[in-house]
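I have placed the structure first, in the form of structure tokens, so that the comments after it can refer back to it.
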Amino acid sequence: MNSEVIDQVREGNNIVDVVSAYLPLKRSGTNYKGLCPFHEDRNPSMMVSEAKQIFKCFVCGKGGNVFTFVQEYEKISFIESVKKLAERAGIPIKDDYNSNKVASKRSKIIDAYKLANEHFVSNLKTYGSEIYTYLEGRQISKELADKLSIGYALDSFNGLMNYLKKKGVTDDIALASQLIKSNERSTFDFFRDRVMFPIHSHSGKIVAFGGRKLDDSQPGGKYVNSPTTEIYTKGNELYGLFLTKYDIAKKNYVLVSEGYMDFLRLFTEGFTNSVASLGTALTHEQLRLISRYTKNVYMMYDGDTAGLKSSVNGGLKAVESGLTVLVVSLPKGEDPDSFLLTYGAEKLQLLIDKATPLIRFIKESEGLEKSEKEKIKILMDTALKIKDSIDKELYVKEVGEIFGITQQSINTRLSKSERTSSVAKSKTSFTLERSIEERDFLQYILNRPEEKNNICNSINSDYFFEEIYKKIFISLTKIDVTVNLDSYSQVIDFLDDDSLKNKVAELILMGEPKPDILNIKRDLLLRKLKKELTYISGQIRANGATSELLEKKRNIKNEIQQLDMSIVNNLLT
Ligand SMILES: [Zn+2]
């Protein structure tokens, strides 16, 4: 794909329109603001600039251009985001993309996961007779194992590592995927001797694994999940959603269970509108995914106290996001998996039909171990967080009816808490800026991309001491001088590291720095000289004064003096 096409696609997709298709944006001055989809955002913290075609979250730091946004949101590669946006803008694209050359780091990691899964699945077929017996013992058929690409990680420290190497995955990608770990002594497979459940993103790509221990007497957790990587954040995906999203939309409700086995059982037994949250706390990100397909959530967690509490906590979060929540009460000691095995699908359907609306469930539940007063307090805390005012009013009305409290006393209570909570709101923390000169310099070029080649030629990376600024500078200088950088957001496509993109988006949004470029360059130089001077003085102290060192020191001092003089002269004239 050539850069002209990419430019054309970028120009054909206004970032404000694209982001608005994913989440509501509100105008705020010259920019737009919205709830950031990349962290659990309560106040709109994400800025979108139409003029600069950039987005940036000032809480979690995510930022970039229109491609970055789609990439991050959909968990897809750069090229895929270009294709998607090309389609949106009706721009035809020739598929001449050579994956080895252009593929971004992210898509390489996704490839590594795909390869790893092939490896695990083939292990299961070759060495897995024992595993199949294990799965059959848990009533998982071969067909279902196939359908969900369940696999097996060998009891080996380098089985996967060797396979990935053979397939051309480089060491740095293998390590970035976290499928391969390293310590001072060696590198080794992260998952060993485990049944492997691939975790798919909602668009169907494998982005992580859950590994189930075979022998419970062995050390290590029963389930081990992939750590966070560039393609996966724990709590951002729902297990099974890629298979069930259309049925969820069709049936217009979702059954939320806790674990892999619950999902597998539900799915096999015909409850094809299920997902598993993998971990007890349902996150706002997961709820946002759900709400694309339905507004009706049925919580179906374990029947013990921990399960009840998780149902209620997750349910209340869903209510905050405007979803309707019912709780399916399983008998104590049962989870959806065990219940289905013992009682069958019809009985479970009866429980689903009798599911209790969340507020009533909270009122009636004894397993929660809370007094009536505490329950009301929890429900009122949630009321404060409901974003939509109509949702909020309906919710408050329901709480009042179910608990037999008058609307008036609820409202008094609410307005009191609203006042205290707005006072207690925490202030945004600011990070201390250690290298203002470096930042100013980059801010200048990024906001005047057309001057890049002119400005950069007299500065080199030795002028940068702050790691991230140094990296940004190096990336900028690597951009071919013949590339005509005429749009701010274009620069972002040349960066292959997320943290760089985030920072660059921030610098672009900040606009041009106050000092002019001559002053900035002089300050950069001055600072570099002063650091060198400190270094040489240190060497002289440590190793004694050689004539060479003294000469160097004198030269640097002279240079500094001249620069200082020029500042004084500037001030006088
Ligand atoms: Zn954020």
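The values are calculated or read from the model by the stated rules, or taken from the named source; none is laboratory data. Source: prediction; values computed, not measured. All Cβ positions, glycine included, derive from the backbone under ideal geometry; neighbour counts span all protein chains shown. Heads up: the accessible areas ignore ligands, DNA and RNA and are worked out on the full protein's heavy atoms, side chains in. Shrake-Rupley method; radii C 1.70, N 1.55, O 1.52, S 1.80 Å.
Looking at the chain, what % of its DSSP beta bridges pair antiparallel, to the nearest 5?
Taking every DSSP beta bridge within the chain, about 75 percent pair in antiparallel fashion.
Given a Förster radius of 25 Å and the C-beta distance between GLU184 and ASN162 as r, what FRET efficiency does 1/(1 + (r/R0)^6) yield to the nearest 0.05?
Working from the Cβ atoms, E equals 0.75.
Could you work out the local net charge near ASP302, counting Lys and Arg as +1, Asp and Glu as -1, over the other residues with Cβ closer than 14 Å to its Cβ?
In short, -3.
Efficiency by 1/(1 + (r/R0)^6): what FRET value for SER566 and LYS26, r their Cβ-Cβ distance, R0 = 56 Å, to the nearest 0.05?
0.70
In the neighborhood of ALA145, defined by Cβ-to-Cβ distances under 12 Å, what is the net charge if each Lys or Arg adds +1 and each Asp or Glu adds -1?
+1
Find the relative contact order for the chain and round it to a whole percent, using C-alpha pairs within less than 8 Å whose residues are 6+ positions apart.
10 percent
Straight distance only, please: which aspartates and glutamates reach the Cα of LYS557 with their own Cα at less than 17 Å, same-chain residues fewer than 8 apart left out?
ASP523, GLU532, GLU548
Put HIS39, HIS119 in order of accessible area, largest first, 1.4 Å probe: what do you get?
The ranking, largest first, comes out as HIS39, HIS119.
Can you list the aspartates and glutamates whose alpha carbon is less than 14 Å from that of LYS83, not counting same-chain residues fewer than 8 positions off?
In chain and number order, the partners are GLU4, ASP7, GLU11, GLU74, ASP95, ASP96.
Quick one: compute the contact order of the range 181-249, relative version, from alpha carbon pairs under 8 angstrom and 6+ residues apart, as a percent.
The value is 28 percent.
Probe radius 1.4 Å, ligands and nucleic acids ignored: give me the carbon and sulfur share of the accessible area of the chain as a rounded percent.
50 percent
May I ask which of LYS234/LYS387; LYS33/LYS503; LYS309/LYS416; LYS33/LYS56 have a Cα-Cα span longer than 21 Å here?
Correct reply: LYS234/LYS387; LYS309/LYS416.
Of the trypsin sites (Lys or Arg not before Pro) in the range 223-294, which ones lie in a loop per DSSP and count no more than 13 other C-beta atoms within 10 Å?
ARG292
Taking the alpha-carbon distance from LYS250 and a cut-off under 17 Å, which lysines remain once sequence neighbours fewer than 8 residues away in the same chain are dropped?
Hits, sequence-local ones excluded: LYS295.
Name the long-range amide H neighbours of ILE199: under 5 Å, sequence gap of 5 or more, or other chain; modelled H, no Pro or chain starts.
For ILE199, whose amide H was placed from the backbone, the distant partners under 5 Å are VAL207, ALA208, PHE209, GLY210.
With every protein chain kept in place and ligands, DNA and RNA left out, what is the accessible area per residue of the chain? Probe 1.4 Å, answer in Å².
Accessible area per residue, the chain: 50 Å².
Less than 13 Å Cβ to Cβ from HIS202, Lys/Arg counted +1 and Asp/Glu -1: what total charge do the surrounding residues give?
Taking every Cβ under 13 Å from that of HIS202, the sum is +2.
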